[in-house]
1. Can you give me the long-range amide H partners of residue 81? Hydrogens built in the peptide plane at 1.01 Å from N, cutoff under 5 Å, separation of 5 or more residues or another chain.
2. Between residue 11 and residue 96, how high is the FRET efficiency from 1/(1 + (r/R0)^6) when r is the Cβ-Cβ distance and R₀ = 30 Å? Nearest 0.05.
3. When Lys and Arg each count +1 and Asp and Glu each count -1, what net charge do the other residues less than 13 Å away from residue 72, Cβ to Cβ, add up to?
4. Name the residues whose placed amide hydrogens come within less than 5 Å of the amide hydrogen of residue 182, ignoring near sequence neighbours (fewer than 5 apart) on the same chain.
5. Could you compute the net charge surrounding residue 53? Neighbours are other residues with a C-beta less than 14 Å from the C-beta of residue 53; K and R count +1, D and E count -1.
6. So between residue 121 and residue 156, what do we pick up on full extension, going 0.36 nm a residue minus the alpha carbon distance?
Amino acid sequence: MTYRKLSRGQRAQIWIGGPGLPTPELLFETDEMLVEAPNWSVDGASLLVNGDGRLWRLDVDSPERGLAPVGFNGLPEINNDHVLDPDGEHIYMSATDGHIYRGSLHGGALNARTAERVSHEEGQWHFLHGVSPDGSRLAYVQMNDFANPGKLAVMEPHGPSVVVDTGEGHIDGPEWSPDGRWIYFNTEGFTDTPVTCPARPHPRRGRRRRTPCHQPHGRLVPAPVPGRAMGLVHRLSCRHSRAP
């Protein structure tokens, strides 16, 4: 597996938008590499993106300075699955060797930008999408190979993983609710149309509260970004019921 690249004639752009901006604002564009998956820093001063297998920082107030590399020792090339640790000082990244790594965003004498591998199961792909609000657990998509559907898995950094039963079909994009009690993910398991559904996993046994979903009244709701702008997410109406 390798990182994605721009095709001939393509350009990559980074935009922000929100209720405080009359129109979306183009911050940065390049035809040199494909940049993806912007994460806001905790202070809202910068965006962290991936490109050419590396992590980069973009200053929101001075985007004309361009992308600054955030280098890590011992880190393989990364993909577009990276999420900030809630402490604001570290970031988790999925790499092209199939594992999840954690690295400091600031460096220093004790942690000079060294990326530490936190997943240890061999023969599995770990595509990270969510970090619990207290930073104690990771939610990711586990895959044995690309011919079989991805499964929702939860783990503590350096700990064993628990695969959560979400039924048939591929799942993607698991993220934690702000209270840490639910994980939201994309799935086609309940319908022929992709929808977003919540699951409440048991912390150890991998069981979940079943949440059949339907898609009658999707609507756009604001998702806040620290001190800056807001993104839009598609919120779907779901019926909640307990598993037998």
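Bear in mind that the values in this text are calculations on the coordinates, not laboratory data. All values reported here derive from a predicted model rather than from experimental measurement. A quick note on method: Cβ atoms are made from the backbone with ideal geometry, for glycine too, and the neighbour counts reach across all protein chains shown.
1. 94
2. 0.80
3. Overall, the nearby charge balance is +3.
4. Here the answer is 177, since their amide H atoms fall under 5 Å of that of residue 182.
5. Neighbour charge sum, excluding residue 53 itself: -3.
6. Working it through step by step, the gained length comes to 11.3 nm.
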